[in-house]
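Trainee: Have a look at the structure that comes next, please.
The values are calculated or read from the model by the stated rules, or taken from the named source; none is laboratory data. Since we're looking at a predicted model, the values are computed, not measured. As a convention, Cβ positions derive from the backbone with ideal geometry for all residues, glycine included, and neighbour counts pool all protein chains shown. Accessible surface areas use protein heavy atoms only, side chains included; no ligands, DNA or RNA. Shrake-Rupley method; radii C 1.70, N 1.55, O 1.52, S 1.80 Å.
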Amino acid sequence: MLELHGGLDDMTKASPAVQPNMNDVILDIRHLKKYYPVYKGVFKKVTGHVKAVDDVSLYVRRGETLGLVGESGCGKTTLGKCIVRLQSPTSGEMRFRYGEGGMRDILSLNAKEGFDVRKKIQIVFQDPYSSLNPVKTIYEAFDEPLRVHRMGSRAQRKEIIAQMLEVVNLRSDYMYRYPHEFSGGQRQRISIARALCIKPELIVCDEPVSALDVSIQAQVLNLMKDLQQQMNLSYVFIAHDLSVVEYMSDRIAVMYLGQVVELATSTSLYRTPRHPYTEALLSAVPTPELDAVRERIVLKGDVPSPINPPSGCRFHPRCSKCQEICRVEMPQLRKVSGTEDHYVACHLADTESVPQEARMEL
Amino acid sequence: MVTKAVKSSLALRNWEKLRRNKLAMIGFCIVAFMILCAVCAPLLTPYSPTDIDLGSRIKPPSLSHPLGTDKLGRDVLSRLLYGARVSILIGLSGALGGAVIGTIIGCISGYFGGWFDKVMLRVSEIFMTFPQIILVLILVVYFGQGLMNLIFIFSISGWPGTYRLVRGKFFSLREENYVEACRAYGIGELSIMFRHILPNTFSPVIVTVTLSTAGYILAESGLSFLGLGVPSGIPTWGNIINSAKAIDVISNNPWLWLPPGLAISLFVLGVNFFGDGLRDVLDPNQ
């Protein structure tokens, strides 16, 4: 298990027959849906559902970073919260590798097992200011999770906390301070340390740097990469900043209106985006070159309502290449011909006929 | 004990902040002085507040009776000092009782929401549609006069304010990321409610308690003045003023009603100053 950033290498080497190598997969999501009911009127009748996450299938391998990108409201955060089980999905399967038993469906665990899994999957939030309790010192904030998960005696726990603060480059005696005594970047590092202190294997990072200024962003991102190597962590990295995602991720899933429209290694995605939405997103990333000739694709209209998404391909009302089939039939995520690990949900892309999930069967 | 040291350091810092607030310190000194006097009453006056001395009725202030005597010959200073005990006790206990009830119901209501929240919200609205004094009058008639009854009545008529405050805070705080982080750790709901969210609501509750203490002292005086408060045998500030119902007492014997009136005003003023200062100091956004 020393494969750290090996996602990309592994993909190119692995033979198509065994791909993906399921022994590496730590989290496997199938057909995950999260619908929020919409109530109307005096009697609170359910008149519809906000389809925040609609039939998403993804997997995350040990030691890799899976980037989740998409514009606001596309369901990235909801998906992230479902993974940490802060939200319970409406339907779908979520299997996680833990204990001796191999992959287990963590949505149907009993209370005791569910509690144990909480130790393995942690989350880092976007806003460093609201993610620490203003009335608790760092020590108090860290000690309780360690205590409820029975990780050592009082002295040992204190040792772990000191260690964790040093891991994120903070002085260990900062543990007696209150959150308001720290800057945004420091708080975010504290949040990372807090997520790490109970030794998780998967961390959902919900836009961990978008509230920080740019110089601090690099510092936090590099720290996260270092920690990933040291502890063989897997990240689900949610962001809307495409350059940040490219820097962090081994593979990237592009989301649009609750669905994954493209899934590829980050090199492949940035070099040859296949989905018109991804193309448009990438064309909006500023490049440092002065006279680079780039065509900016500006999307027409707004994101449609997730309560009543468009028929067929959800992107079709805004797509410049829209055909008749796009209005009628919803495209499946399929592998792009001639690539190793590039999936796209678009009728117009040159894809193989087998849907993605069929390939993922064990 | 690491946590203890830490807690006291937060308290210490708040105390330092409070000390720099002049008005709050003036209020604190007034309140502290009056409470001290009330506690040390036996040392400050040789007379019992209930000793009747018909030989010296309605005497103006003199060396032996610094604030004079009332129509039954009781020493007004003694009555004032001993009365302070009862008045302050009623004010504080009433405010605390209401705050405790309101906080507990507010926690549960705000954290879990659902039908309990809906029912309690309506109940609190019913309580709030009555003017509190009328509600108290009805309850006094129902439960009867008495010290404990009055405290109980103040508690159950005063909870809606704190309830709504705590409930509102819980509604916004339960969505905070640190609460979600606690859930992600698998920390229990009760611990999240009472150990993580509740401390964040303490500062407005403390401010409410101080300010409503003043309100209840006034209410007690008012009720006692009307003869509906504490039984007239027990000296309270309101009961002392009660004697000033007659117009000739007001014009001829000011020593009977002026000292308790001043004591009430001063104490309420001090408590309000202190409460306002506390509000500034405990504002979590600083």
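Trainee: Between A and B, buried accessible area summed over both sides at probe 1.4 Å, in Å² to the nearest 100?
Mentor: Working: alone 17010 and 15060 Å², together 29640 Å².
So the total buried area for this chain pair works out to about 2400 Å².
Trainee: What is the distance in Å between the Cα centres of segment A:197-242 and segment B:230-255?
Mentor: Centre-to-centre (Cα) distance: 72 Å.
Trainee: Ignore the peptide's own chain and count Cβ atoms of other chains within 10 Å of each Cβ in B:194-201; give me the average, rounded. It would help to have the intermediate numbers written out before the result.
Mentor: Values: counts 0, 5, 6, 2, 1, 4, 4, 1.
Taking all residues of B:194-201 together, the mean is 3.
Trainee: For segment A:328-342, what does the Karplus curve 6.51 cos²θ - 1.76 cosθ + 1.60, with θ = phi - 60°, yield as ³J(HN,Hα) per residue in whole Hz, taken in order and with x for Gly and Pro?
Mentor: Karplus values, whole Hz, x for Gly and Pro: 9, 10, 7, x, 8, 6, 10, 6, 6, 4, x, 10, 8, 8, 10.
Trainee: Also, I was wondering about something else. For B:LEU44 and A:SER88, FRET efficiency with R0 = 56 Å and r from the beta-carbon atoms, rounded to 0.05?
Mentor: Working: r = 66 Å, r/R0 = 1.17.
The computed FRET efficiency comes out at 0.30.
Trainee: Still on this structure, please answer the following. Taking the Cβ of A:ASP127 as the center, what net charge do the other residues with Cβ under 13 Å away carry, scoring Lys and Arg +1 and Asp and Glu -1? Please list the in-between numbers first.
Mentor: Numbers: positive: A:ARG187; negative: A:ASP206, A:GLU207, B:GLU175, B:GLU176, B:GLU180.
Here the charged neighbours net out to -4.
Trainee: Roughly how far apart, in whole Å, are the Cα centres of segment A:82-112 and segment B:58-87?
Mentor: So the separation of the two Cα centres works out to 75 Å.
Trainee: Dipole size in debye (nearest 20) for segment B:77-282 around its Cα centre, Lys and Arg Cβ +1, Asp and Glu Cβ -1? Provide the component values of the computation, followed by the final result.
Mentor: Values: 12 positive and 10 negative charges, 39 e Å.
With Lys and Arg at +1 and Asp and Glu at -1, about 180 debye.
Trainee: Distance between Cα centroids, segment B:139-170 to segment A:22-75: provide it in whole Å.
Mentor: What the calculation gives is 47 Å, centre to centre.
Trainee: On full extension of the chain, what length is gained from A:ARG104 through A:GLU181, given 0.36 nm per residue of separation minus the C-alpha to C-alpha distance?
Mentor: On the way: separation 77, 0.36 × 77 = 27.72 nm, distance 4.16 nm.
Length gained, A:ARG104 through A:GLU181: 23.6 nm.
Trainee: Run the reach check for B:LYS245 against lysines, Cα to Cα strictly under 28 Å, same-chain hits fewer than 8 apart removed. What comes back?
Mentor: Cα-Cα hits under 28 Å: B:LYS59, B:LYS71.
Trainee: Quick one: with all protein chains in place, what share of the accessible area of segment A:104-156 is carbon or sulfur, to the nearest percent (1.4 Å probe)?
Mentor: On the way: 1090 of 2240 Å².
Percent of accessible area from carbon and sulfur atoms in segment A:104-156: 49.
Trainee: Within 10 Å of each Cβ of A:145-154, how many other protein chain Cβ atoms are there on average? Working shown, then result.
Mentor: Working: counts 6, 1, 1, 6, 3, 0, 0, 0, 0, 1.
Per-residue shielding by partner chains comes out at 2.
Trainee: Same structure, new question: Over segment B:141-286, calculate the relative contact order: mean separation of alpha carbon pairs under 8 Å at least 6 apart, over the residue count, as a percent. Walk me through the numbers before you get to the answer.
Mentor: Values: 113 pairs, mean separation 36.9, N = 146.
Normalised by residue count, the contact order of segment B:141-286 is 25 percent.
Trainee: Moving on to the next point. Rounded to the nearest 500, what is the 222 nm mean residue ellipticity of the protein assembly as shown from helices alone, with -39500 (n - 2.57) per DSSP H run of 4+ residues and division by all residues?
Mentor: -16000 deg cm²/dmol
Trainee: I've got another one for you. Relative contact order, percent, of chain B when contacts are C-alpha pairs under 8 Å separated by at least 6 residues?
Mentor: Working: 410 pairs, mean separation 75.9, N = 286.
Over chain B, the number comes to 27 percent.
Trainee: A further question on this structure: Once the Cα atoms of helix B:147-173 and of chain B are each reduced to a long axis, what angle between those two axes, in degrees from 0 to 90 to the nearest 10, is obtained?
Mentor: That helix lies at roughly 30 degrees to the long axis.
Trainee: At 1.4 Å probe radius, can you tell me the per residue accessible area of segment B:92-242 in Å²? Kindly include the intermediate steps, with their values, before the conclusion.
Mentor: Numbers: 6180 Å² over 151 residues.
About 41 Å² of surface per residue is accessible.
Trainee: Could you list the square roots of 5 times each eigenvalue of the Cα gyration tensor of the protein assembly as shown, that is, the equivalent ellipsoid semi-axes, sorted largest first and rounded to whole Å?
Mentor: Working: eigenvalues 912, 139, 85 Å².
Values for the protein assembly as shown, descending: 68, 26, 21 Å.
Trainee: Taking only Cα atoms and a 10 Å spring cutoff, compute GNM fluctuations for chain A and point out the largest among A:VAL245, A:VAL285, A:VAL69.
Mentor: Of A:VAL245, A:VAL285, A:VAL69, the Gaussian network model singles out A:VAL285 as fluctuating most.
Trainee: A further question on this structure: Quick one: of the DSSP bridges fully inside chain A, what percent are antiparallel, nearest 5? Spell out each step's value before the answer.
Mentor: On the way: 34 of 51 bridges.
Percentage antiparallel, nearest 5: 65.
Trainee: How large a share of the accessible area of segment B:77-282, in percent, is made up of carbon and sulfur atoms when the probe is 1.4 Å and the other protein chains stay in place? Walk me through the numbers on the way to the answer.
Mentor: On the way: 6130 of 8430 Å².
Answer for segment B:77-282 is 73 percent, counting heavy atoms of protein chains only.
Trainee: Moving to a separate point now. Give me the 1.4 Å probe accessible area per residue for segment A:86-202, excluding ligands and nucleic acids, in Å². Don't skip to the answer; put the middle values down first.
Mentor: Working: 4810 Å² over 117 residues.
On a per-residue basis, 41 Å².
Trainee: Where in chain A are the helices, taken as whole DSSP H runs, whose Cα atoms extend 24 angstrom or more along the long axis and whose Kyte-Doolittle mean reaches at least 0.0? Spell out each step's value before the answer.
Mentor: Working: long enough: A:214-231 (25 Å, 0.04).
Qualifying helices: A:214-231.
Trainee: Then there's this: What does the highest-first list of B:179-190, A:184-195 look like by mean Cβ count within 10 Å? Mind showing how you got there, number by number?
Mentor: On the way: B:179-190: 19.2, A:184-195: 23.4.
Descending packing order for the listed peptides: A:184-195, B:179-190.
Trainee: For peptide B:166-176, compute the average count of partner chain beta-carbon atoms within 10 Å of each residue's beta-carbon. Intermediate values should be presented prior to the final figure.
Mentor: Details: counts 0, 0, 0, 0, 0, 0, 0, 2, 0, 1, 8.
For this peptide, the per-residue mean of nearby foreign Cβ atoms is 1.
Trainee: Right, something else. In straight Cα distance, which lysines are under 16 Å from A:LYS112, not counting same-chain residues fewer than 8 positions off?
Mentor: Correct list for A:LYS112: A:LYS120.
Trainee: Determine one quarter of the surface area of the Cα convex hull of segment A:152-260, which equals its mean projected area, and express it in nm² to one decimal. Can you show the working numbers first?
Mentor: Values: hull surface 31.8 nm².
The orientation-averaged projected area of the Cα hull of segment A:152-260 comes to 8.0 nm².
Trainee: Using a Gaussian network model on chain A with a 10 Å cutoff between Cα atoms, which of A:SER215, A:SER183, A:SER337 fluctuates the most?
Mentor: A:SER215
Trainee: Relative to the compact-globule scaling 2.2 N^0.38 Å, provide the ratio for the alpha-carbon radius of gyration of segment B:77-282.
Mentor: Taking N as the residue count of segment B:77-282, the ratio is 1.20.
Trainee: Okay, moving on. Taking H as built 1.01 Å from N, whose amide H comes closer than 5 Å to the amide H of A:GLY67, not counting residues under 5 places away?
Mentor: Under 5 Å from the amide H of A:GLY67: A:PHE237, A:ASP250, A:ARG251, A:ILE252, A:ALA253.
Trainee: List, by residue number, every residue in segment A:162-198 with a reduction of 30 Å² or greater in accessible area between the chain on its own and the complete protein assembly, 1.4 Å probe.
Mentor: At a threshold of 30 Å² (probe 1.4 Å), the residues of segment A:162-198 that become less exposed are A:TYR176, A:TYR178, A:HIS180, A:ARG194.
Trainee: Run the dipole for segment B:10-133 about the Cα centre, Lys and Arg Cβ at +1, Asp and Glu Cβ at -1, nothing else charged, and hand back the magnitude in debye, nearest 20.
Mentor: Value, rounded to 20: 360 debye.
Trainee: Still on this structure: Tell me the relative contact order for chain A as a rounded percent, counting alpha carbon contacts under 8 Å between residues six or more apart.
Mentor: Details: 662 pairs, mean separation 69.6, N = 362.
Computed value for chain A: 19 percent relative contact order.
Trainee: Also: In terms of modelled amide H atoms, which long-range or inter-chain residues lie less than 5 Å from the amide H of A:ILE123?
Mentor: A:VAL204
Trainee: Another question, if that's okay. HN-Hα J couplings of segment A:241-252 from phi, Karplus 6.51/-1.76/1.60, θ = phi - 60°, integer Hz, Gly and Pro as x?
Mentor: Result, ordered by residue: 8, 5, 5, 5, 5, 4, 5, 8, 9, 8, 10, 10 Hz.
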